[in-house]
């Protein structure tokens, strides 16, 4: 076997709550997992500030610190955590092949996918600068921090409608910024938004700039019909224009929906390829929480262990 080729029993692609939980379980089961962390080691939580809804942290925890804790726990049991990104896969045979960073080949008896998903952003400089300082892509995660305050949310689909409704129960006022003169959300979700007395829908509206130096202090918006600009005094800005699962590398191999979320057999983490398991936000478009991702990481490791035992590989 050359320097550029290596064989492992259990390969985990991606980090974050799903990957690290899978690693903890796999390592404790003597599966000697090797993890490649991917483009964003630690996943979406590394761009989150306060995490208050994960059990076991009574005072809350900073997202990056939480991922360091997860990594240390995985390494304590022997997980080989590495920098690197899987750039190509070949799932033709019983032994699965992946290419890391375009050069190194790794073969694996079992693979756990934990590549996560990335929130879609508007692409504004001010949005990036204030991310984690009043700008968020998850109302369920961060809405609590804006209790009793005035906020804005951009988006027009079911997720935006659901998050706007959620925020309306915590915040004094929610400005919903909709780019067109109609919403994509289902009729029932639209009705919930319209029934909430403290949600104001701004139709034909684009975000020009989020205002504030160190924290969100307002947002400048533009009416696309009149071209008129105005300012809303808000302290929180939520982006709900969708997520993209980081699964492009698996296209043509694994079953996925039209957006790219991996399909698993109900009640399991099993994909359509034997020995390949999916966990976390790469396979979850409904909940997208750290705690649910961790739960599916556990499932994937247990499924992988059973698979290896059945094949006489463990």
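None of the figures in this text is laboratory data; all of them are computed from the coordinates on show. Predicted model, so just to flag it, every value in this text is computed and none were measured. Cβ sites come from the backbone with ideal geometry, for glycine too, and all protein chains shown count toward neighbours.
Normalised size of the stretch 38-107, defined as Cα radius of gyration per 2.2 N^0.38 Å with N residues, equals 1.44. Each Cα pair under 8 Å and six or more residues apart adds its sequence gap; the mean of these over the residue count of the chain is a relative contact order of 21 percent. Note on the chain: with a GNM built from Cα contacts shorter than 10 Å, the maximum mean-square fluctuation among 148, 38, 134 falls on 148. Of the residues 261, 36, 57, the one that moves most in a GNM of the chain with alpha-carbon contacts below 10 Å is 57. Computed over the stretch 121-239, the P(r) curve from all C-alpha pair distances, binned at 5 Å from the origin, holds 2, 13, 25, 26, 21, 11, 3, 0 percent per bin. Report summary: the helix-based calculation at 222 nm, which adds -39500 (n - 2.57) for every DSSP H run with n ≥ 4 and divides by the residues of the chain, gives -7500 deg cm²/dmol.
Going from the residue with the fewest nearby Cβ atoms within 10 Å to the one with the most, 254, 302 rank 302, 254. Relative to one another, the C-alpha centroids of the stretch 108-140 and the stretch 243-314 are positioned 19 Å apart. Panel note: the C-alpha atoms of the chain, placed on their principal axes, show extents of 66, 40, 35 Å (largest first). Computed extension length for residue 198-residue 169: 9.6 nm, one decimal, from 0.36 nm per residue of separation with the Cα-Cα distance subtracted. By the Kirkwood approach, averaging reciprocal distances over each pair of separate Cα atoms, the stretch 204-300 gets a hydrodynamic radius of 16.4 Å. Taking the fewest neighbouring Cβ atoms within 10 Å as the starting point, the ordered list for 273, 24, 234, 68 is 68, 273, 24, 234. With R₀ fixed at 41 Å, the C-beta to C-beta distance from residue 230 to residue 68 puts the FRET efficiency at about 0.45. Relative to its Kirkwood radius, the Cα radius of gyration of the stretch 159-224 gives an Rg/Rh of 0.99.
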